[in-house]
Each structure stands twice: as C-alpha cells, then as structure tokens.
Amino acid sequence: MTRRIAIRLLLPACGLALLALANAATARDPEPRLEALNWDKFESLLKSPGSARYTLVDAWASTCGPCKENFPHLLEMHKKYASKGLRVISVSLDDPSDKNAVEDARKFLKSKNAQITNILLDEEFGQGFEKLKITAIPAVFVFGADGKEIKRFTLDDPNNQFTYDEVEKAVAGLLDTKS
C-alpha cells in the first residue's frame, strides 16, 4: 500500500519536472524572430555591430530553393564564428505585403531554429534586389564594423557562381582562423 501512495505522489512531481524542463528549453531557444526593417534601418543595423568585427548578410526568400538548401551553412557559420567576431544576419526578400510569403518565411526560420538576426526587408517588393545591387538570390555579403561592404558573393555572373564553402573560407580568412 505504501508503494502505491509513493507512486501516486511521484507521478505529478515527475510531470511538473518534465514541464519545467520543457519550459527551460523554450527559454533557451526562443522562437526565431523575423523583424521588418526598411532599408535605412537595415543600414543603421549594419553600422552598429556591437562587438562583432564583421557582419555576414545572407539575402534569401522563402520561394528560393537554393536559398533554403544553403541556409544551414549560414547557421553553422554563426555557431562556428560568432565568438570570433562574426555577426550573421539573414535578410528575407519576400514580398512584405504577401502575408502567405511572410508566414512561409517565419515557418522556415522556425523549422531551422534560426537563432540569428532575421530581417524582412520592408520595402516595395523587388526594392531589396535594387538596394543590394543583385539580380538573383541567394547572395551573401560581408560588411565591416563600419557598415561598409567588404565582399560579395552573388549568382549574377553565370560564369562565376559561389559556394558557401567559399564564403566560409573568406570569413575565416578575415577572422584569421582556420575553416
């Protein structure tokens, strides 16, 4: 009889402990945010890197298969180089007026647990391409602490396509680390 009472008393306590663990995990890994910023605010963000020496910006969209396929490389670079002075920002070029596209972008970021700065460029659709001076995505940019572009990796030239391994080598070189 004593054993049954002990089990009945422990079961609710175990449930509370599991709930506490789940809440603690949620507190450590909040849902990724997608913050809408216009171009001027985005440029201001680039000029205020905090302690980062460089900022890596990945331009993508929820409808871009290659962007989504390569996104994990971006997150790996964040994990690998954040402590060495790299800040990573993803910039969604999805149409901010298309609620479905924005929701798809949010769902994608959540599915990848993208715990980096995620920006939705809040400009008229297509303006992001013009402002970044690109015609295709994915596109990756490296900015210095002053917010000035140092290097770009684009798909604009069909004879000169980049890989995320090349991006990482360039970042490692700037940070003076091994890739």
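The values are calculated or read from the model by the stated rules, or taken from the named source; none is laboratory data. Predicted, not measured: the structure shown is a model, and the values here were computed from it. Reconstructed Cβ throughout: ideal geometry from the backbone, glycine too, with neighbour counts over all protein chains shown.
Summary table
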item: Where a residue in the range 15-44 is closer than 22 Å to Pro96 by Cβ and in a strand (DSSP E or B) and its partner, wherever it lies, is of a type in the set (Val, Ile, Thr) and at pLDDT 50 or above, with Cβ under 7 Å and at least six apart; result: Glu35/Ile119; Leu37/Ile119
item: Some residue of the range 145-154 being aromatic (Phe, Trp, Tyr), assigned by TED's automatic domain parsing to the domain that holds Trp39 and part of a loop (DSSP other than H, G, I, E, B); result: no
item: Every pair of residues 6+ apart whose Cβ atoms lie under 9 Å, when the first sits in the range 108-124 and is on the phi > 0 side of the Ramachandran plot while the second is in a helix (DSSP H, G or I); result: Asn113/Leu75
item: Tally, over the range 49-64, of residues that are farther than 14 Å from Ala136 by Cα and touching a residue at least 60 places away in the same chain (Cβ under 8 Å); result: 7
item: Looking only at the range 143-175, and only at residues there that are of a type in the set (Asp, Glu) and surrounded by fewer than 17 Cβ atoms within 10 Å (Cβ to Cβ), the one that is farthest from the chain's Cα centre (by Cα); result: Asp157
item: Tally of residues being in contact with a helix residue (DSSP H, G or I) (Cβ under 9 Å, 6 or more places away or on another chain), crowded, with 16+ Cβ neighbours inside 10 Å, among the basic types (Lys, Arg) and not in a strand (DSSP E or B) across the range 81-120; result: 1
item: Any hit, the range 58-65, residues being more than 15 Å from Leu34 (Cβ to Cβ), assigned by TED's automatic domain parsing to the domain that holds Leu46, surrounded by 16 or more Cβ atoms within 10 Å (Cβ to Cβ) and touching a helix residue (DSSP H, G or I) at 6+ places or on another chain (Cβ under 7 Å); result: no
item: Among residues of the range 147-171, those that are out of contact with any Pro (no Cβ under 9 Å at 6 or more places or on another chain) and within 19 Å of Glu43 (Cβ to Cβ), counted; result: 5
item: Those residues of the range 52-80 which are in contact with a strand residue (DSSP E or B) (Cβ under 6 Å, 6 or more places away or on another chain), under 16 Å from Asp176 (Cα atoms) and either of a type in the set (D, E, K, R) or not in a helix (DSSP H, G or I) (or both), in sequence order; result: Ala52, Tyr54, Thr55, Leu56
item: Selected residue [of a type in the set (Lys, Arg) and either within 30 Å of Pro158 (Cα to Cα) or not assigned by TED's automatic domain parsing to the domain that holds Ala170 (or both)] from Lys99, Lys68, Lys41, Lys79; result: Lys68
item: Per-region count, the range 81-139, residues of a type in the set (Gly, Ala, Ser), farther than 17 Å from Lys68 by Cβ and in contact with a Lys or Arg (Cβ under 9 Å, 6 or more places away or on another chain); result: 1
item: Selection status of Glu123, crowded, with 17+ Cβ neighbours inside 10 Å, more than 18 Å from the chain's Cα centre (by Cα) and under 17 Å from Trp60 (Cα atoms); result: yes
